[in-house]
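The next block holds one structure in the form of structure tokens; read it before the comments.
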Amino acid sequence: MRFAAPAAVLLGALALFATPAAADPAHVISVSGTGEARGVPDQAQLSAGVTTVAATADAALAENARKMTAVFAALTRLGVPERAVATSNFSIQPQYPPYDQNERGLQKIVGYQVSNQVDVVLDDPKKLGPALDALVGAGANQINSVSFAIKDSTALDAKAREAAIGDARTRAQTYAKAAGVTLGGVVSIVETSATTSFADLNFKVAGRALAAPATPTAAGEESVRANVTVVFAIP
């Protein structure tokens, strides 16, 4: 028992030296910084599908299946692997005549609409134009969205974060100089958000009324942004 007290004193001393002193909230500068890095996309993404309408659900479903089979075959011919194609939506909905306020009772079903949508990832943005042409040629009558992406944005994320920290330090130095104080070390860093912006296009296809030339597309650049809040000490 006579050794308990010295041990407690020793542990308390170690904790004291191991824990850094917290910065006084009254002697800090808190600023936000934003950084951006840009890169060329190496992927294209699209959402496409087939919508069919018929008098019965069976007929609409059969027609939809026939056209979607042709759509999948077109993607295969383009060299798109099965893992890059995923069904994103499937629906069967009854169709009704135009609303008539004078009509009483339940609305009569006049047909059925079947919609089958797939998301496709292309490993080369240059394949987007040919893919759109092939899909529409195969029977796809809906191209819901087109976008571009960078498969691995790790390097761009790092550049954006470095730029955000640099921006925060520049702002803090400006404030410190204006206030007549000296800027100290970093107390804390919090990343508030990191976002990627990309081109997003929407298409509606009615029939095969497209001209012979291939559909032109442009990937442009991706923009990766980072936002941080940095707290600096004021010695």
Residue hits (region 132-182; among the aromatic types (Phe, Trp, Tyr) and surrounded by 17 or more Cβ atoms within 10 Å (Cβ to Cβ)) are 148
Flagged in region 109-143 as in a loop (DSSP other than H, G, I, E, B) and farther than 18 Å from residue 88 by Cβ, in numbering order, are 109, 110, 123, 124
*Does region 76-99 contain any residue that is assigned to a helix (DSSP H, G or I), aliphatic (A, V, I, L, M) and under 30 Å from residue 40 (Cβ atoms)?*
yes
Only one of (1) within 17 Å of the chain's Cα centre (by Cα); (2) assigned to a helix (DSSP H, G or I); (3) among the β-branched types (Val, Ile, Thr) does not apply to residue 170, and that is (1)
| task | Would you check if there is a residue in region 95-114 being aliphatic (A, V, I, L, M) and surrounded by 16 or more Cβ atoms within 10 Å (Cβ to Cβ)? | result | yes
Picked from region 181-235 (must be of a type in the set (D, E, K, R) and at pLDDT 90 or above), the residue farthest from residue 37 (Cα to Cα) is 191
Of (1) part of a loop (DSSP other than H, G, I, E, B); (2) over 22 Å from residue 52 (Cα atoms); (3) in contact (Cβ under 8 Å) with a residue 12 or more places away in the chain, residue 106 satisfies every one except (3)
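Matching residues to (1) surrounded by 14 or more Cβ atoms within 10 Å (Cβ to Cβ); (2) assigned by TED's automatic domain parsing to the domain that holds residue 184; (3) at pLDDT 95 or above:
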| site | (1), (2), (3) |
| --- | --- |
| 33 | yes, yes, yes |
| 49 | yes, no, yes |
| 52 | yes, no, yes |
| 57 | yes, no, yes |
| 60 | yes, no, yes |
| 66 | no, no, yes |
| 69 | no, no, yes |
| 73 | no, no, yes |
| 82 | no, no, no |
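The values are calculated or read from the model by the stated rules, or taken from the named source; none is laboratory data. These numbers come from a predicted model, not from an experiment. Ideal geometry is used to build each Cβ from the backbone, glycine not excepted, and the neighbour counts take in all protein chains shown.
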